[in-house]
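Report on the following structure.
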Amino acid sequence: MSQDVVCWKIAPGKGAEQWEDWRDRSYVAIGWNELGDLSECSRAEFEERRAAAATGEPGMTERGMEVVWKFAHEMKPGDRVLANRGKSEVIGIGTVVGDYQYEPEATYAHRRAVRWDDLRPVAVDEPSWSMTMVRVVSEKFEAIAAGLGVPFSRIFKDKAQVEQAFHLLRRTLDELGAEHADDPRIALTVPKNESVLRLNFGQFMVVDFKGHRDQVGLTLPSHIEELAAYDLGEFKTAPLSIYDVPWSQVFPMTAVIEENFRKSLAHLRERCGPTSHKDVHQLEVARAIWDVEGREGVLRRGVTPSDRPFGARAFELLQALRDEPTAECLARH
């Protein structure tokens, strides 16, 4: 996107009540009709009108009405716009194609013509979107325009990264012998407040996609020659660790990483039983690993992260320490 293009979020009235008219007649608009036509209005005159119209009531403050000046004199043809329904959904993505107009008889008199480019909803989580119009950083706009709902827009930079990630997930599950999203050994989770998409197999984290850090967490052996001596289904610890690997070394995967990753997966496949994370398994997202055609819908709708601060083993330890708060108990667990 050109640096000259500005992105805006505009609400189609309370509860998106004006959206159908915006969509069908290809425009965006805002209120504060009291300010009159701003086509030939200087900044000084605008400030006089704003001061006269301000009542101090919600929405009728001088600061609140500043958005009308931006709409009339800062927005320009070629800028991109998002129409939102509340703080949780974008319902239209478009491009400004017309100059500022004033229609005094309209409910919202300040208007601009828009070409709607995409009318498919995208899930968002934007607490600051209670305001009528706000400027949106280009990175956020591009993620939304790419159809990445939350939390995917916080985990991946763009659609290309998403496709690479889902390809790796499918390949990993093939190596583990998992053929469907309901396999009792797998749990695909999105931990709350972490911006992470995580594949668990048995009690192990296998793959972590970590926000916009250009890193992928992979389970690799600490001491590959010792792996065969461990029963990973019973041991509390094992010579496996999750390593943060640069995205560029995973896509494509270097020979050394691939060799060790596949060895880890082979041993996990032989030894791991059902996962204890099934209660937070994102089944719909997991199905999208195999269902390529249905994937776009899942990405747009987004999912709710799971609020599970402790894993199953952590709960076991806490319960044991409650009954026997000793160092010996801690050592046994």
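Read-outs: derived from the displayed coordinates by stated rules, not from any lab. Just so it is clear, the structure is predicted and the values come from calculations on it, not from any experiment. All Cβ positions, glycine included, derive from the backbone under ideal geometry; neighbour counts span all protein chains shown.
In table form, for the structure just shown:
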item	result
Estimated inter-spin distance, His167 and Thr55, nm [label 7 Å along Cα→Cβ]	5.9 nm
Among Val124, Trp8, Cys41 the positive-end extreme of the charge dipole of the stretch 7-145 (Cβ point charges)	Val124
24 Å Cα-Cα threshold exceeded, pairs from Lys76/Lys140; Lys157/Lys278; Lys9/Lys159; Lys14/Lys70	Lys157/Lys278
Convex hull per residue volume in Å³, alpha carbons only, for the chain	175 Å³
Debye, to nearest 20: dipole size of the chain, +1 on Lys, Arg Cβ, -1 on Asp, Glu Cβ	240 debye
Between the stretch 133-157 and the stretch 176-211, the alpha-carbon center distance in angstrom	23 Å
Linear extension gain, Gln249 paired with Lys70, 0.36 nm per residue minus alpha-carbon span	60.0 nm
Value of [θ]222 nm, deg cm²/dmol, for the chain, DSSP H segments ≥ 4, -39500 (n - 2.57) each, nearest 500	-9500 deg cm²/dmol
Cβ-placed point charges (K, R +1; D, E -1), dipole of the stretch 7-145 about Cα centre in debye, nearest 20	340 debye
The stretch 7-145: proportion of alpha-carbon pairs further apart than 18 angstrom, %	53 percent
Between 0 and 90°, nearest 10: helix 292-301 axis offset from the chain longest Cα axis	60 degrees
